[in-house]
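Working notes for the structure below.
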Amino acid sequence: MNTLYFTEEHELFRESLRDFLQKEVVPHLGKWEEEGTIERFIWEKFGEMGYFGVAYPEKYGGMDLDLFYTVILLEELQRINSGGFAAAIWAHAYLAMTHLNKEGSEAIKEKYLAKSISGEMIGCLCITEPFGGSDVAAMRTTAKETEDGFVLNGSKTFITNGVYSDYLVVAAKTAPELGGKGISIFVVDRDTPGINATKLNKLGWRASDTAEISFDNVKIPKSHLMGEKNMGFPYIMQHFALERLIMGVNAHARAEYAIEYTLQYMSEREAFGKSINQFQALRHRLVEHATEVEVCKTFNYTTIKRLDAGEYVVKEATMSKLKSTKVADEAIYDCLQFLGGYGYIEEYPLARMFRDSRLGPIGGGTSEILKEILSKMIIDQKNYKPAT
């Protein structure tokens, strides 16, 4: 127990969550990974346990707890070894719901946020586009204003929960002539005419549904505009700090779990008359990975503490995702190698973990884009400020 960041209450929460995941989630993961569909009942159980509401106001059914409860939720989700299931949960709770909470009107919060916390509704966040990728400002999806609302046209891709969610938080240009300064954010009901989702077949994250979504003259009420019109880009940028930190925490947690599993395997596997954890070449490589993971974890915890205190830690969050996902990929690559042929067999956890981990340096902003963002802050001395 790290007493610098975690109290006894935190650890009791972790024990309870770990027990819940083992009993209610793990028995179904094989099926969900194979079918690419997470059954609806588990969302409701997460809601009943309050896990979707740990970071949200009590007014809407949340618990308004500090961010280290979120860290525990993220870490324990990684330990059950389904990157897809974990992604579906945190994309709902910390991508879609973050915008509802920060930019939604009171009516939107009462309808969508409250039901998201209870597990009655599932959300997704639609920003990335087929032609834009990490270039958010280059999006082509438009929301043309009319007398009674907006008309949405365009497409999004790589959207987690994009097929089975009940609502979509969508970024679109309300003033295309302004480029990135003309983007707005909307909440859109799934059953609105003109929405079509196509499920994507992925290398990893198999349990989650990831979609390409098209919008064909989708009518949106004016009341579904979130925040101020044309302020969408700074809203998105502001929340990237939390998203990148989430992916950094996910990375150190899955790498830590991979190392724990590999250590156990190495202590039991024998070659040439001794357990393979006694071979220096393997020992030294493993402790290098363990060291790097511990450094990332400590940095991530410190950055979470600062974010929870209200600091705008966009630089540190970007560093967190960049470094932690790289370290996790390298650690898991070697952990698979240490298992030899068994590492390549699906019945062993490293095969799935290896595939799932590879998305870390891609999703939520590629490592190449993150390096350029950091270059602007470190070399060009650019100073980013929060939108609100």
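The values are calculated or read from the model by the stated rules, or taken from the named source; none is laboratory data. No experiment lies behind these values; they were computed from the predicted model shown. Every residue, glycine among them, receives a Cβ derived from its backbone with ideal geometry; neighbour counts consider all protein chains shown. The area values use the complete protein model at the heavy-atom level, side chains included, leaving out ligands, DNA and RNA. Shrake-Rupley method; radii C 1.70, N 1.55, O 1.52, S 1.80 Å.
What are the pairs, 6+ residues apart or on separate chains, where a residue within region 312-325 that is more than 19 Å from Ile236 (Cβ to Cβ) has its Cβ under 9 Å from a residue that is open to solvent by less than 10 Å² (accessible area, probe 1.4 Å) and hydroxyl-bearing (Ser, Thr, Tyr)?
Matching pairs, first to second residue: Met319/Thr303; Thr325/Ser357.
Scanning for something under 20 Å from Leu242 (Cα atoms), of a type in the set (Ser, Thr, Tyr) and surrounded by fewer than 19 Cβ atoms within 10 Å (Cβ to Cβ), does region 42-60 turn up at least one residue?
no
So is Arg254 modelled with pLDDT of 95 or more, of a type in the set (Lys, Arg) and either open to solvent by 30 Å² or more (accessible area, probe 1.4 Å) or not in a helix (DSSP H, G or I) (or both) or not?
For Arg254, the condition - modelled with pLDDT of 95 or more, of a type in the set (Lys, Arg) and either open to solvent by 30 Å² or more (accessible area, probe 1.4 Å) or not in a helix (DSSP H, G or I) (or both) - is not met.
Check Gly232, Gly248 and return the single one that is more than 30 Å from Leu178 (Cα to Cα), open to solvent by less than 20 Å² (accessible area, probe 1.4 Å) and of a type outside the set (Ser, Thr, Tyr).
Answer to the selection: Gly248.
Scan region 331-344 residue by residue and report those that are out of contact with any Asp or Glu (no Cβ under 8 Å at 6 or more places or on another chain) and either open to solvent by less than 10 Å² (accessible area, probe 1.4 Å) or among the charged types (D, E, K, R) (or both).
Answer for region 331-344, where residues must be out of contact with any Asp or Glu (no Cβ under 8 Å at 6 or more places or on another chain) and either open to solvent by less than 10 Å² (accessible area, probe 1.4 Å) or among the charged types (D, E, K, R) (or both): Ile332, Asp334, Cys335, Leu339, Gly343.
Just wondering, is there one or more residues in region 19-26 that are aliphatic (A, V, I, L, M) and farther than 26 Å from Glu346 by Cβ?
No.
From the residues in region 361-388 that are closer than 16 Å to Thr325 by Cα and polar (S, T, N, Q), which one is least open to solvent (accessible area, probe 1.4 Å)?
Ser367
Looking at Gly273, is it open to solvent by 30 Å² or more (accessible area, probe 1.4 Å), closer than 28 Å to Glu372 by Cβ and of a type in the set (Gly, Ala, Ser)?
No, not satisfied.
Just checking, which of Gly133, Gly119, Gly83, Gly123 is more than 26 Å from Gly179 (Cβ to Cβ) and surrounded by fewer than 24 Cβ atoms within 10 Å (Cβ to Cβ)?
None of the other options fit; the residue is Gly119.
For region 51-102, how many residues meet the condition of being touching a residue at least 24 places away in the same chain (Cβ under 8 Å), within 22 Å of Cys124 (Cβ to Cβ) and either touching an Asp or Glu at 6+ places or on another chain (Cβ under 7 Å) or not basic (Lys, Arg) (or both)?
The total comes to 35.
For a quick check of your reading of the model, give me the residue pairs whose first member lies in region 362-388 and is farther than 16 Å from Asp135 by Cβ, whose second is outside any loop (DSSP other than H, G, I, E, B) and of a type in the set (Asp, Glu), with beta-carbon atoms closer than 9 Å and at least 6 apart or on different chains.
Hits for this filter: Thr388/Glu103.
(1) in contact with a Pro (Cβ under 9 Å, 6 or more places away or on another chain); (2) part of a helix (DSSP H, G or I): which one isn't true of Tyr312, the others all being true?
Every condition holds for Tyr312 apart from (2).
Of all residues in region 166-217 being touching a residue at least 60 places away in the same chain (Cβ under 8 Å), over 18 Å from the mean Cα position of the chain (by Cα) and closer than 19 Å to His92 by Cα, which is most open to solvent (accessible area, probe 1.4 Å)?
Lys199
Need the failing condition index for Ile345 against (1) among the aliphatic types (A, V, I, L, M); (2) without any contact (Cβ under 8 Å) to a residue 40 or more places away in the chain; (3) within 30 Å of Ile159 (Cβ to Cβ), just the number.
So the condition that Ile345 fails would be (3).
In region 1-52, which residues are touching a Ser or Thr at 6+ places or on another chain (Cβ under 8 Å) and small (Gly, Ala, Ser)?
Within region 1-52, Gly36, Gly47 qualify.
Confirm whether Val293 is within 22 Å of Leu359 (Cβ to Cβ) and open to solvent by less than 10 Å² (accessible area, probe 1.4 Å).
Yes, satisfied.
Suppose we filter region 140-170 for residues that are aliphatic (A, V, I, L, M) and over 22 Å from Lys202 (Cβ atoms); how many remain?
Selection size over region 140-170: 3.
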